Amino acid sequence: MFKVICVSGTPGTGKTTFSIKYSKDNNFYYLDVNEFIKKKELIDDFDKKRDSNIVDTEKLNFKLVEEIKRKKKEKKYKGIIIDSHLSHYLSKEVVDKVIITKCDLKKLKKRLEKRKYTIDKIRENMDAEIFDVCRIEALEEGHTVEIINTD
């Protein structure tokens, strides 16, 4: 049976590292949502204050569901792993499980500094991790949620 797993979490918590390893180990198709957004031209605008692209999640979800269906028809993979802090917005009807990556706050801060995030962006992401935003949003969407500590 084809499985759909979304890997979400605060930027810098290890989503991509975990997702790539999981996809290789389990014969899942790996979908990098950031690349997918660029490829499908889904960027609506740019938020200068947050130094990030603005994406309409409804449009994104529609395109992601199309991609899930396409990969399922290929019958080449056991499933698809969707790597993005936006992935938990997908409907629970198409997702089998949401994995939330978490890490130690000191490690997270160092990772974000290494990415050259602004002080404000680091603070915003640290707050998101402290307040468990991705997990809470995934639960509010009705998803089955698993927490993975990437320390």
Legend entry - GNM result for the chain, Cα springs below 10 Å: residue of Glu67, Glu93, Glu141 fluctuating most strongly: Glu93
Inset, instruction - Within region 54-102, report the trypsin sites (Lys or Arg not before Pro) that DSSP leaves as loop and that have at most 15 other Cβ atoms within 10 Å. - result: Lys75, Lys76, Lys78, Lys92
Legend entry - Theoretical ellipticity at 222 nm over the chain - DSSP helices of four or more residues, -39500 (n - 2.57) apiece, nearest 500: -13500 deg cm²/dmol
Inset, instruction - Place +1 on the Cβ of every Lys and Arg and -1 on the Cβ of every Asp and Glu in region 1-124, take the dipole about the Cα centre, and give the residue among Ile20, Tyr89, Ile122 whose Cα lies farthest towards its positive end. - result: Ile20
Inset, instruction - Run the dipole for region 1-142 about the Cα centre, Lys and Arg Cβ at +1, Asp and Glu Cβ at -1, nothing else charged, and hand back the magnitude in debye, nearest 20. - result: 800 debye
Inset, instruction - Excluding residues on the same chain fewer than 8 positions from Lys114, give the lysines whose Cα lies under 25 Å from its Cα. - result: Lys15, Lys21, Lys38, Lys48, Lys49, Lys102, Lys106
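Expressed as a rounded percentage, what relative contact order does the chain have, with Cα pairs under 8 Å and six or more residues apart? Walk me through the numbers before you get to the answer.
Numbers: 241 pairs, mean separation 57.1, N = 151.
Once divided by the residue count of the chain, the mean separation gives 38 percent.
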Inset, instruction - List, in order, the whole-Hz ³J(HN,Hα) value for each residue of region 43-56 obtained from phi through the Karplus relation with A = 6.51, B = -1.76, C = 1.60 and θ = phi - 60°; use x for Gly and Pro. - result: 7, 8, 6, 10, 8, 5, 4, 8, 6, 8, 6, 9, 10, 6
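Counting pairs of Cα atoms in region 1-140, how many percent are more than 18 Å apart? Could the numbers behind the result be given before it?
On the way: 5549 of 9730 pairs.
Every Cα pair in region 1-140 considered, those over 18 Å come to 57 percent.
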Inset, instruction - Please determine, in degrees from 0 to 90 and to the nearest 10, the orientation of helix 105-114 with respect to the longest principal axis defined by the Cα atoms of the chain, where the helix direction is its Cα long axis. - result: 90 degrees
Legend entry - Environment charge at Val145 (Cβ cut-off 12 Å; Lys +1, Arg +1, Asp -1, Glu -1): -2
Legend entry - Spatially proximal aspartates and glutamates relative to Lys69 (Cα-Cα < 20 Å; intrachain offsets below 8 disregarded): Asp32, Glu35, Glu41, Glu58, Asp83, Glu93, Asp96
Legend entry - Thr57 paired with Lys69, simple spin-label distance in nm, labels 7 Å along Cα-to-beta-carbon: 2.2 nm
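Readers should treat all values here as calculations from the given coordinates under stated rules, not as data from a laboratory. Remember, predicted model here, so these are calculated numbers, not experimental data. Every residue, glycine among them, receives a Cβ derived from its backbone with ideal geometry; neighbour counts consider all protein chains shown.
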